[in-house]
Amino acid sequence: MTRRSKPAKKRRAPASGPSDIPVEALRRTLQSRVANTPNRWNASPEDVQQSVVRLVLTLAEFLRELLERQALRRMEDGSLDRDEIEDVGLALMRLEETLHDLARQFDLTREDLNLDLGPLGYLR
């Protein structure tokens, strides 16, 4: 018996149009990014005070976290003695409490003070 070869299947060239885009995945990605995007400064006269407070507290929170990380590095390096460690720790705790008290006075949550660092992600 002779074996018949099957006709070769025609291969379709990959489509290069919009049908290749995973629309649902793209939609979910965009929605999550929009949902996680911090609010922009609202220039309406009624919200100016809260917007300014939010900006100032966000910057203060950013600086507090930088100071905390520096203090941890200095502790690990052994460049702080016990009294300095105690003083720095107490100062950072009081600063954090103050920032959160001020945020509560203006109905801001901890997440409202989270800073978007672009490609590095969020501060927390």
Seminar exercise, completed: Selection from the stretch 97-124 of residues over 15 Å from Glu68 (Cβ atoms) and assigned to a helix (DSSP H, G or I) yields Asp101, Leu102, Ala103, Arg104, Gln105, Glu111, Asp112, Gly118, Pro119, Leu120
Exercise. In the set Thr109, Thr58, which member is without any contact (Cβ under 8 Å) to a residue 40 or more places away in the chain and of a type in the set (Ser, Thr, Tyr)?
Worked result: Thr109
Exercise. Is it the case that Ala91 is at pLDDT 90 or above, closer than 25 Å to Asp116 by Cβ and of a type in the set (Gly, Ala, Ser)?
Worked result: no
Exercise. Going through the stretch 61-84 one residue at a time, which ones are touching a residue at least 12 places away in the same chain (Cβ under 8 Å) and among the aliphatic types (A, V, I, L, M)?
Worked result: Leu67, Ala71
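The values are calculated or read from the model by the stated rules, or taken from the named source; none is laboratory data. Here the structure is a predicted model, which means the values were calculated and not measured. Cβ coordinates were reconstructed from backbone atoms using ideal geometry, including for glycine residues, and neighbour counts include every protein chain displayed.
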